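Below is one structure, written out as structure tokens; comments come after it.
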Amino acid sequence: MSNQFDRVRAALAGTYDLERELGQGGMATVYLANDLKHDRQVAVKVLRPELAATIGSDRFLREVHIAASLTHPHILGLHDSGEAGDFLYYVMPFVEGESLRDRLTREGELPIHDAVRIVREVVDALAFAHERNVVHRDIKPDNVMVAGRHAMVTDFGVAKAVSEASGRQAITTAGVALGTPAYMAPEQAAADAVDHRADIYAVGALTYELLTGRPPFVGTTAQQVLAAHVREPAQPPSTLRAAIPPQLDRFVLKCLEKRAADRYQSADEMLRELEVLGTPSGGLTPTDTMPVTGVRLPIRTSRVAVVTGVTVALAVLGFLGWSSLRRGGLDVTVSGIRAITRDPVAELEPQVSPDGGEVAYVANVGFERHVLVRDLAGGRAITLTGDRPGTQLGVRWMPDGRSVAFVENSSTFVIPRFGGAVSVLVDGGTVWAVNERLLVYTRSDTLFARALAGGDSETAIPAPGEGVHSAALSPDGRRIAFVVGNSVFLRRGDVGNIARSAIWVANRETGESVAVLDDGNMNLSPAWLPDGRHLLFISNRDGQRDMYLVRLDGGGRAAGEPTRVTTGLEPASLSLSADGRTAVYTRLIFRSNLWAVPIPSRGIASVRDAKPVVQGTEILENHGISADGQWLAFDSDRGGNQDIYVRPLAGGEARRLTTDPAPDFHPDFSPDGSEIVFYSMRHGTRDLFLIRADGTGETRLTDWPGNEAHPSFSRDGLHIVYVASVPDGDKLFVISRTEIGAPWGAPRQLGPSEWGPARWSPDGREIAHSRHDGSVATMTLDGRSRTVFDAAAAGLDFIGDPVWSADGSTLYFDARANGVGAVFAVPAAGGTARPVVLIDDPRYSLAQNLTLYEGNLYVTLTEYDADVWTMELDY
């Protein structure tokens with residue numbers, strides 16, 4: 001323990017209890033401490049003694065006091081500041097994340113869309129500060145914290161206090177007084193007067209480094225770097241990374257102009273520029289791209305109108321272009337695209353009011369979701385259900401626009417738009433659509449319609465299959481569009497699930513339902529245009545989620561192929577106002593990575609104790625570990641498509657095994673590690689495939705009974721158990737071979753009513769799996785089944801696939817209790833389950849893929865962010 005640590009700890013005793021040093025920078029040393037008054041962890045920054053002596057306490061505390069007034073989602077605020085003994089200090093929240101410097105050191109250059117998102121949030125913070133005449137003066141990776149998916153700027157006010165008390169000599173020798181040489185504007189380097197445009201220059205240097213892995217100017221000494229800022233032109237970042245598009249080059253170089261008058265003149269101006277940058281795939285589309293032809297409405301000749309779309313992560317460029325057939329007549333343009341919410345929580349399922357003036361949505365509040373209403377013109381949101389426990393979902397406006405319906409515990413309620421008494425709308429039913437006369441809702445997976453005025457008369461709407469949801473009434477009320485499949489996309493722990501779904505249309509007068517779009521892709525959120533002949537919907541038919549439009553014939557079938565309306569928008573749900581002029585949508589960004597949590601011998605561990613195994617801006621859903629613990633197999637979209645990868649479990653470069661354009665999932669190693677089984681959608685349905693661990697010899701194993709998934713190798717390598725969807729539900733099947741290398745036999749069903757996914761016991765005698773009735777069970781190859789734990793009776797729901805301990809004595813499974821996820825342990829012989837790992841961080845949800853190896857539980861944790869956006873449709 002250093003002498004300074006002891007002295008600072010003694011000076012702050014009674015107020016803050018220092019635990020350890022977190023790091024050192026050019027201006028200060030950072031300590032982790034406990035705020036004794038508020039019983040919370042904080043970060044205490046103590047200025048270097050020589051700087052403290054130069055600045056003086058009055059000037060320092062004055063500038064820090066100004067910075068403390070800045071309250072913004074992307075500014076790390078100040079709790080406290082002061083003078084203790086010979087030390088000047090300030091106190092910030094302790095953020096469980098890392099600095100941007102740490103990430104750059106670990107990864108080098110960042111994915112382009114990630115870099116744009118981070119820069120957007122930094123500039124958003126600067127715009128807020130500059131409006132209040134606060135200039136940072138030291139924007140650099142060290143002063144940007146990244147926690148979860150969000151960036152926060154630190155140390156506002158400190159650089160100004162230092163710079164006003166120091167001369168240029170202090171900078172060029174210590175690299176701290178006026179800023180940091182690699183990010184300093186020419187006027188800073190020349191010791192001239194600076195204003196907010198010095199921060200704009202620093203953002204350019206920061207962006208340059210995020211994109212290329214190095215700042216725009218480097219040298220062997222600080223003086224060389226400062227001189228380069230003043231005299232040398234910056235090279236376009238694309239000269240170091242060819243994938244950087246011209247528009248992003250132009251943005252960076254304009255920030256780095258030598259003359260302050262030639263740069264962006266405000267952070268707000270930069271924000272407008274950033275709003276037309278970025279795509280989730282990692283590339284950017286220049287603003288001079290040719291318009292994209294979109295929707296074709298048959299009325300009169302028109303022109304193509306293109307509007308650039310914006311996203312919350314600033315990683316999206318949406319080109320929305322709508323045109324008409326040459327037979328004549330309707331111009332449809334899209335404009336006014338803007339974010340309605342930017343809070344650091346997920347806002348989902350937005351619904352625009354009938355008059356297009358307000359939006360209702362649900363937002364994550366801790367582990368719950370509540371209903372909020374916000375005026376589209378601005379202002380603060382009103383929380384309608386904050387005093388109700390649990391979770392509310394599925395908001396819908398009532399036709400008069402004065403009240404909002406929501407779903408809670410499988411029933412639908414109504415509440416006034418400004419809050420008030422709650423009444424029941426449909427007991428035991430989820431309302432999806434409502435107009436002046438009708439309610440459309442689901443109950444027990446059946447679609448119904450009834451009069452809004454009430455009564456006992458309800459009509460069942462013919463709908464194929466299970467998972468019916470997202471119904472929408474046509475403007476005349478005679479037809480109902482609805483989705484079949486992937487009902488968990490926004491509703492449970494599978495947020496963002498890419499399972500396939502179909503869109504159907506039912507005719508209430510004839511009782512006939514027809515398929516508009518089959519389940520070859522994920523098709524969601526149908527919305528009728530006012531003419532009643534077109535459906536706007538969301539699909540991933542061309543890769544990522546975007547909006548499409550399909551024209552219907554008189555019978556409700558698709559009259560031609562859907563037309564893509566947006567590119568790169570990544571919408572998750574869609575709503576149109578009654579006149580079709582205003583649309584609101586959720587922009588959903590999520591990532592899923594692999595973490596390891598040590599299983600405690602006693603007590604309960606927290607997901608906050610998890611250590612990253614695979615971490616990046618990717619979606620990793622499932623994984624498998626070789627029996628010797630040397631290798632990890634996982635599926636990931638890091639290459640733009642969900643493919644199978646392998647890498648050493650201890651870390652290292654990942655090697656891509658599959659390259660088919662269809663997504664591949666859920667790899668599992670053979671016992672000797674030479675083979676990997678997985679499932680894929682490459683033939684239109686889920687099928688099992690086998691591939692050697694070196695990427696050769698890919699073989700299709702199943703094409704029956706129709707959808708096979710979640711495979712698991714037996715311990716002897718002679719059997720693979722999996723889940724298959726058959727007409728009467730999801731069942732366990734097995735395929736077998738007589739010896740390693742022999743052909744695989746025909747699938748065989750195990751038992752009449754089991755579900756899965758399933759895992760083999762260490763001795764190979766039993767298969768652990770979950771059931772639809774909410775229980776953990778085991779089964780033998782001859783079909784004998786036993787119940788291990790009745791989770792439903794214990795108040796748990798949403799059981800994931802169970803895994804065995806190494807000795808076979810314990811089963812681990814994930815479940816939810818009162819909306820909070822956890823991993824539970826239960827004796828394999830049966831008994832009481834106990835939680836061992838809590839998913840007690842609301843930023844994360846636990847996917848269903850667990851693996852156990854040498855006392856570590858490997859879990860897939862999903863983190864997502866969603867904001868509400870709006871756009872205007874002009875006919």
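Ranked highest first by the average count of other Cβ atoms within 10 Å around their residues, in what order do 378-391, 345-358, 792-805 fall? Numbers along the way, then the final one.
Values: 378-391: 14.3, 345-358: 22.0, 792-805: 18.9.
My ranking of the peptides, most packed first, is 345-358, 792-805, 378-391.
Would you kindly find the accessible area of Ser69, with a 1.4 Å probe and non-protein molecules such as ligands, DNA and RNA excluded, rounding to the nearest 10 Å²?
Using a 1.4 Å probe on the heavy atoms, I get roughly 80 Å².
Which net charge results for the neighbourhood of Ile625, defined as the other residues with beta-carbon distances under 13 angstrom from its beta-carbon, given Lys and Arg at +1 and Asp and Glu at -1?
Values: positive: Arg647, Arg759; negative: Asp628, Asp668, Glu854.
Charge balance in the 13 Å sphere: -1.
For the chain, with equal point scatterers placed on the C-alpha atoms only and solvent neglected, what are the log10 I(q)/I(0) values from the Debye formula at q = 0.06 1/Å, to two decimals?
At q = 0.06 Å⁻¹ the computed log10 ratios are -0.45.
Output the relative contact order of the chain, whole-number percent, from Cα pairs under 8 angstrom with separation of 6+ residues.
Working: 2265 pairs, mean separation 62.7, N = 875.
The value is 7 percent.
How about the stretch 375-468: which GluC sites (Glu not before Pro) there lie in a loop by DSSP and see at most 13 other Cβ atoms within 10 Å? Mind showing how you got there, number by number?
Working: sites: Glu408, Glu436, Glu458, Glu466; in loops: Glu436, Glu466.
Answer by residue number: Glu436, Glu466.
How large is the helix-only mean residue ellipticity at 222 nm for the chain, computed as the sum of -39500 (n - 2.57) over DSSP H runs with n ≥ 4, divided by its residue count, in deg cm²/dmol to the nearest 500? All intermediate terms of the calculation are to be shown ahead of the outcome.
Details: 12 runs with 120 residues, N = 875.
Result for the chain, helices only: -4000 deg cm²/dmol.
Quick one: Cα centre-to-centre distance for the stretch 742-780 and the stretch 594-612, in angstrom?
A separation of 28 Å, based on Cα centres.
Please compare each pair in Lys140/Lys611; Lys45/Lys140; Lys140/Lys258 to a cut-off of 21 Å on the Cα-Cα distance and tell me which ones are over it. Let's see the in-between values first.
Working: Lys140/Lys611 27 Å; Lys45/Lys140 17 Å; Lys140/Lys258 18 Å.
Table pairs above 21 Å Cα-Cα are Lys140/Lys611.
Got a sec to turn the phi values of the stretch 581-590 into Karplus ³J(HN,Hα) couplings, 6.51 cos²θ - 1.76 cosθ + 1.60 with θ = phi - 60°, whole Hz, x for Gly and Pro?
8, 10, 10, 10, 8, 9, 9, 9, 10, 9
Taking the dipole about the Cα centre of the chain, with the C-beta of Lys and Arg at +1 and of Asp and Glu at -1, give me whichever of Gly697, Ile382, Trp760 is farthest to the positive side.
Positive-end residue among those listed: Ile382.
Considering only protein heavy atoms, with the full assembly of protein chains and a 1.4 angstrom probe, order Ile480, Ile340 by accessible area, largest first. Let's see the in-between values first.
Working: Ile480 0, Ile340 20 Å².
I get Ile340, Ile480, largest accessible area first.
Could you sort 119-127, 256-264 so that the peptide with the highest average Cβ count within 10 Å comes first and the rest follow in order?
So the order, starting with the most tightly packed, is 119-127, 256-264.
Over the heavy atoms of Trp432, what accessible area does a 1.4 Å probe trace out, to the nearest 10 Å²?
The accessible area of Trp432 comes to roughly 20 Å².
Could you work out how far the C-alpha centroid of the stretch 211-227 sits from that of the stretch 788-809, in angstrom?
So the two Cα centres are separated by 56 Å.
The values are calculated or read from the model by the stated rules, or taken from the named source; none is laboratory data. This one's a predicted model, so the numbers in the text were calculated from it and none came from an experiment. Backbone-built Cβ (ideal geometry, glycine too); neighbour counts: all protein chains shown. Note: areas computed on protein heavy atoms with side chains; ligands, DNA, RNA excluded. Shrake-Rupley method; radii C 1.70, N 1.55, O 1.52, S 1.80 Å.
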